[in-house]
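The values are calculated or read from the model by the stated rules, or taken from the named source; none is laboratory data. A quick note: this is a predicted structure, and the numbers were derived from the prediction, not measured. No Cβ is skipped: glycine too gets one built from the backbone with ideal geometry, and neighbour counts run over all protein chains shown.
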Amino acid sequence: MSQFGFLWVLILVLLLWVWSEALANANDYEIKGSNNRNQCSTLKSKNVVKIGAAIELNSGVGKEEKIAMEVAIEDVNRQSYHQLALNFNHNIHGNPPSPSVLAADLANSKQVQVVVGTKLDAATLFHSIDENSKDFPIISLTSTASPEMTSIPLPHFIQMGHDVTLHMHCIASIVHQFHWRKVTAIYEHNNLFASHSEILTRLSHSLRLVNAEIDHHVAFPSMTLLSNPTESIEQELTRLKNKSNRVFLLIQSSLEFATLLFEKAKQMGMMEKGSVWVIADDVANHLDSFDSSVTFNMQGVIGCKTNFMELSQTFKSFKLMYRRKFGLEYPEEENSQPSVFALRAYDAVWTIANALENSQGNFSLSEKILSSDHEGLSGKIRFKGRMLLEPPTFMIVNVIGKGYKELAYWSMESGLSENLVEHEVVNTTATSAGSARVLLSSVDWPGGLKTVPKGWVYNSTEGKPLKIGVPAVDPCPQFVNVSHDKRLNETKFTGFSINVFETVVQRLPYHLPFVFVPFYGSYDQIVEQVNNKYLDAAVGDIQVVEHRYAFAEFSHPYVESGIAMVVKVKPDRSKETWMFMDAFTKEMWMLMAAMHLFIAFVIWFIEGENNSELKSLGAILWFSVTTLFFIHREPVNSNLARIVLAPWLFAILIVTQSFTASLSSLMTVSHLEPSVPDIQTLLRTDAIIGCNKNTFLVHYLVDELRFQPQNIRVYDSIHDFPRAFENKEIEASFTIAPHADVFLATYCQGYIKAGPTLKLGGLGFAFPKGSSLAIDITRATLKAIESGEVQKLEEKMLSTTNCGSTNNKMQNEKLGPQPFFGLFCICGAIALIGLLATIIHFVKRNAQTFMNYILLSQIQRGLQIIKLLAQFNLKKNTRSAPVPDANCRDNVSHNNDFLQ
């Protein structure tokens, strides 16, 4: 066939197909017309139930609920005997009243048989509905507080939502997961609660369970009541931006308010690094339908989104119909994904339809609704106390890009879990507000931050870093040292107090920018500068004296302190007679004597047979004495004896050296007494004393201890005291206790503390009176002390001194056997082995002699036994026989001689 022929055949086939389709469409049109006419006639014969819809059609939620209810009406009317119809009772494009007012009007007018609405306030309904309409069934699709259901006498008011307390528990669990302690609560008052404080009360209770609290809160009126919402939001955000807290919880809001709030927060820089935003489900449930402009302003936000199953065939069919209908009616909307609010509206219509099918006139509609038990798109539809019985499961989501990612799941029974399958089998004994097993480590925080924000910043004046005053001239450079590096042209701040302050600042729950500023003046003057707010704080070895610095605020002391008196020392001769005995404990002396005698006995046993000089007892005793001083002249010939003696000589060397060191310590430290015993002696003798200038000590010595001003000498540093003592300018020096410890650790010999230390609190950091920063620094200081960081810094400071420590207690203790126990065990074991070897060798060498001696002894003993037996028999026979004659006696005597 030619190409043209094939083309004509193809055209003919196409024409026949088009003609057949046209005939089929004509037939379908006639059939559909017939069906429509039949449906209309059937509709007239069926019972039509009108449902009043009290929703905000101008809002995003209202649009979703409207489309969902219309889809549900179509599904019900195709399958159910009862035909349902919707009645909105207000102009969509106008300015309708609140949903509660709409619901009351529908109930009073009796235009409908049941009302379904959102944001319905039970108190408003109770006062608006007529008395004869109190039994009218009203279904609310919004979560509310459970006490409201029982406190308002509306027995036919049904809550097709969950207790909002569960939402607060979910948010509190997130706060607990990241260890935030203070939060800022933001919410829009939308007539859902009976009072503004209700939602704060529930959030506060949930936060207390996780050791957190509300630091600030902002309550906005409903968007419909604000004349200029943008200006109102900007004013409140500006106020919040000046606060320190950066954990913002949007716990209740309309979609329109949340959109505008995040837009302004983005513009004002409140969505940058360090900020935290957590949204409740009333906003998080719309994340599927947000357009890109909204999600752009919400990057890094965490939300609690009500979880529902999206895999069922019923949901897929509903979603297809919903999106098609939503797109046709609201083409201006960018996204048409159904949220849980649409699912609840759909389930509400089907719950009414099922209740109508089962009522049969015996029960009221509300009673049949409350007895519902079926699976809906939003979850299990079953009621208890006029609220949904099944608690929800929340999906913890993180807004990122144009959508969001799933982080974890949360429920009241199981708390947080990593995935839904694991969540369903997790231990049900876990508390909702307790520690979560799952670590939410993959969160993308606002500003692109990957680490968990501290949730707190310190807002100094005009955003400048804090000026921290540091005494430029300090009595103890180990505590505070200010030096200027000419090469780098910068001032360096070092010392123990500086290190402690930097460590404490790192433990603050927020970033604290600060700069150190040298201050040339007294401690009183630097505290006054802080009080006058020329300085934001003062760091250094400032002694906290409440009665003197009552106008300032101090942090918790990082070092316990007081006033210590340091004097020169003199030896105590009365205790030196038997001082050498105190070098060792009694146990050590006894063990040394026992070990020494045992070793000497082993040497004698080994050498005694072949060494003539070590045979006598006196020789071996003298040998044991001379070995103590390594002057023994008696030769040790046996190699075995040398093996036993060698480790013991080494042990003696170690013990004697330790004895020398211990005795030296006792003679130089332990038995030294202060040259001046106490403060009363100084006052009585009118002695000259020294102290550091630029401190409170001069005033304290004069005002409290009653020293005469002319008897007080002031010095710049504690390192000036040794020269003053040597020149006999002073009899004693007074410093704060930490300075005294450094002084004694630097000058190890010749000085000692005298008298009791006068307790006066400790060293702390100074702040202006009423400063909130002082409270945070105190908490951080306590954490640093409890963790041992401050103690490590103190030990590091003392390790740089000449002596390393002022703790002489260990130096004064007597030496016991414990440090030498291992050495004694080695020596004793070797000596015992040598003794056993010598015994075995002696036995082997004299074995034949021992055997001969034993054999001869046994033979002699046997003959002696035989002799005794013979004598016994002879005496017995003699007593029983007659008297013999002379010849017989001679024969007997002869026989006895022979036996002998």
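Points to keep in mind about this one:
- Within region 176-283, strands (runs of 3 or more DSSP E) holding 1 or more residues that are crowded, with 20+ Cβ neighbours inside 10 Å and within 32 Å of the chain's Cα centre (by Cα): 182-188, 247-252, 276-279
- Residues in region 306-346 that are surrounded by fewer than 13 Cβ atoms within 10 Å (Cβ to Cβ), in a loop (DSSP other than H, G, I, E, B) and over 45 Å from the mean Cα position of the chain (by Cα): PRO331, GLU332.
- Any hit, region 391-406, residues being farther than 20 Å from ASP282 by Cβ and outside the structural domain of ASN297 (by TED's automatic domain parsing): no
- All positions within region 693-715 that are at pLDDT below 90 and in a loop (DSSP other than H, G, I, E, B): LYS693, ASN694, THR695, PHE696, GLU704, LEU705, ARG706
- Given (1) assigned to a strand (DSSP E or B); (2) over 36 Å from the mean Cα position of the chain (by Cα); (3) of a type outside the set (Lys, Arg), number of the condition VAL349 does not satisfy: (1)
- Residue check, GLU502 on the phi < 0 side of the Ramachandran plot and buried (at least 18 other Cβ atoms within 10 Å of the Cβ): no
- Checking each residue in region 476-499 for being touching a Leu at 6+ places or on another chain (Cβ under 9 Å) and either assigned to a strand (DSSP E or B) or farther than 12 Å from ALA538 by Cα (or both) picks out GLN478, PHE479, PHE496, ASN499.
- Filtered residue count, region 241-254, keeping only those that are touching an Asp or Glu at 6+ places or on another chain (Cβ under 8 Å) and closer than 15 Å to ALA284 by Cα: 3
- Complete set of residues in region 449-475 that are hydroxyl-bearing (Ser, Thr, Tyr) and in a loop (DSSP other than H, G, I, E, B): THR451, TYR458, SER460
Every residue, every condition in (1) among the small types (Gly, Ala, Ser); (2) at pLDDT below 80, yes or no:
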| site | (1), (2) |
| --- | --- |
| GLY618 | yes, yes |
| THR627 | no, yes |
| PRO635 | no, yes |
| LEU683 | no, no |
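- Verdict on ASP541 being in contact with a Leu (Cβ under 6 Å, 6 or more places away or on another chain), crowded, with 17+ Cβ neighbours inside 10 Å and at pLDDT 85 or above: no
- Of all the numbered requirements in (1) within 30 Å of ASN335 (Cα to Cα); (2) touching a Pro at 6+ places or on another chain (Cβ under 7 Å); (3) in a loop (DSSP other than H, G, I, E, B), HIS286 misses one, and that requirement is (2).
- Selected residue (only one of LEU763, LEU773, LEU823, LEU815 is surrounded by 20 or more Cβ atoms within 10 Å (Cβ to Cβ) and modelled with pLDDT under 85): LEU773
- The residue pairs whose first member lies in region 57-71 and is in a loop (DSSP other than H, G, I, E, B), whose second member is among the aromatic types (Phe, Trp, Tyr), and whose beta carbons are closer than 9 Å, counting only pairs six or more residues apart or on different chains, are LEU57/PHE88.
- Test: GLU609 is modelled with pLDDT under 85, outside any loop (DSSP other than H, G, I, E, B) and of a type in the set (Asp, Glu): no
- Leading residue by the ranking (nearest to ALA472 (Cα to Cα)) among those in region 500-528 that are among the polar types (S, T, N, Q) and in a helix (DSSP H, G or I): GLN525
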